[in-house]
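The values are calculated or read from the model by the stated rules, or taken from the named source; none is laboratory data. This structure is a prediction, so every number in the text was calculated from the model and none was measured. So basically every Cβ, Gly included, is an ideal-geometry build from the backbone, and we count neighbours across all protein chains shown.
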């Protein structure tokens, strides 16, 4: 399965010069120069990313969980919706900000990043008032993919599939 996913990613991005070169050294046999993450996104945010209008992805949590402290510039994020087991696209993380949240930080994030996050509802911010951690990632080089199966059995919205020194894992 791991070799198959890597092969499918490479095949699906072969016509995209950037991604062909970026993924070329990737193999399932060992470490790579970047980590690979799986992000589960709800609509309309998945389509905003795929369409290029959402350039910052965010994750807020009460607990210190991935991607907080686990994602770095240069990492690859595979994009998937919540209701199917197929990838929709991938993107590159260009810059990362980690926040230990308080009301001041949340206000700064809202004023500085709301447009790039494509947040148009005040309820988004209200729902995140209890969060203690936030990860914001500037993303680029978004590429739509043909359906590639990536089954996942748990409820996590973010999974580190391969860190710089690990192999793929879907646990």
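Taken over the stretch 1-21, the criterion of being loosely packed, with under 12 Cβ neighbours inside 10 Å and either under 18 Å from the mean Cα position of the chain (by Cα) or under 16 Å from residue 34 (Cα atoms) (or both) is satisfied by 21 alone. For residues that are in contact (Cβ under 8 Å) with a residue 12 or more places away in the chain and more than 20 Å from the chain's Cα centre (by Cα), tally how many sit in the stretch 126-142. Counting residues in the stretch 126-142 that are in contact (Cβ under 8 Å) with a residue 12 or more places away in the chain and more than 20 Å from the chain's Cα centre (by Cα) gives 2. Candidates are the residues of the stretch 34-53 that are in a loop (DSSP other than H, G, I, E, B) and touching a strand residue (DSSP E or B) at 6+ places or on another chain (Cβ under 8 Å); the one that is surrounded by the fewest Cβ atoms within 10 Å (Cβ to Cβ) is 52.
The set of residues from the stretch 1-28 being in a helix (DSSP H, G or I) and in contact with a strand residue (DSSP E or B) (Cβ under 6 Å, 6 or more places away or on another chain) comprises 8, 12, 18, 19.
Filter the stretch 110-125 down to the residues that are out of contact with any helix residue (DSSP H, G or I) (no Cβ under 7 Å at 6 or more places or on another chain) and either in a strand (DSSP E or B) or touching a residue at least 40 places away in the same chain (Cβ under 8 Å) (or both) and list them by number. Within the stretch 110-125, 113, 116, 117 meet the criteria. Do we have residue 71 as within 12 Å of the chain's Cα centre (by Cα), within 16 Å of residue 91 (Cβ to Cβ), in a loop (DSSP other than H, G, I, E, B) and touching a residue at least 40 places away in the same chain (Cβ under 8 Å) here? Judged against the criteria, residue 71 is a match. Would the stretch 94-115 turn up any residue that is modelled with pLDDT under 95 and farther than 23 Å from residue 63 by Cα? Checked against the condition, which is being modelled with pLDDT under 95 and farther than 23 Å from residue 63 by Cα, the stretch 94-115 yields no hits at all.
Of all residues in the stretch 83-113, those that are in contact with a strand residue (DSSP E or B) (Cβ under 9 Å, 6 or more places away or on another chain), more than 30 Å from residue 148 (Cβ to Cβ) and surrounded by 15 or more Cβ atoms within 10 Å (Cβ to Cβ) total 4. For the stretch 74-96, the tally of residues that are part of a strand (DSSP E or B) and either free of Cβ contacts under 8 Å to residues at least 40 places away in the same chain or within 21 Å of residue 12 (Cβ to Cβ) (or both) stands at 13.
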